[in-house]
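Notes to accompany the following structure.
Derivation of every value follows stated rules applied to the coordinates shown; laboratory data play no part. In this text, all values refer to a predicted model and were calculated from it rather than measured experimentally. Every residue, glycine among them, receives a Cβ derived from its backbone with ideal geometry; neighbour counts consider all protein chains shown.
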Amino acid sequence: MTDETKKTKAPKAESEKVEKAEEVTTETESNSEQENTTQERVIEGEAEVLGAEAASSDEKSWSMFAHLAAFVAMVPLIPVIGMILGPLVVWLLKKEDMPLVAENGKEALNFNISMFIAYCIALILCIILIGIPILFGLIIFHFIVTILAAIKASEGGVYKYPFSLKLIQ
């Protein structure tokens with residue numbers, strides 16, 4: 001080969017390498033942007049973990065049931081502790097198969113454990129009578145917030161409960 005053909009091939013090969021490197025960089029940037037938006041959607045709380053169109057109706061139903069399972073406590077045989085057992089059972093059964101249920105189940109479980117602690121404190125405060133209005137307020141708050149969370153889960157989102165301890169990560 002002559003020196004001239006080597007010179008013309010070398011810049012051509014280098015420009016192809018540069019183009020490929022730019023494509024890889026662009027793909028990496030778009031992948032990292034997608035990861036960031038996914039992380040933002042999970043971190044945001046009231047935003048969706050999965051898009052409403054990405055979650056199946058079965059997954060949405062189980063997510064809603066993870067929140068509504070707290071009402072198992074109304075069954076006379078399983079009083080107060082039932083509000084923890086209901087979400088725990090749903091979360092343990094479906095957390096591996098359905099990521100939306102895993103997120104909603106964790107939130108429901110953390111909130112119901114927090115509410116159990118609050119109910120115990122309110123019952124102790126009932127001795128000095130201040131616990132009675134606190135207990136009624138907790139019951140109303142628990143009912144309303146659980147319904148709101150179930151509605152959000154039925155839409156394919158994750159509801160972040162207010163005043164919830166993050167005991168299960």
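Quick notes on this structure:
- Among the residues of the stretch 117-140, just one is surrounded by fewer than 16 Cβ atoms within 10 Å (Cβ to Cβ) and among the aromatic types (Phe, Trp, Tyr), namely Phe136.
- Wholly enclosed helices (runs of 4 or more DSSP H) of the stretch 77-169 bearing at least 3 residues over 29 Å from Asp58 (Cβ atoms) and of a type in the set (A, V, I, L, M): 99-125, 131-154
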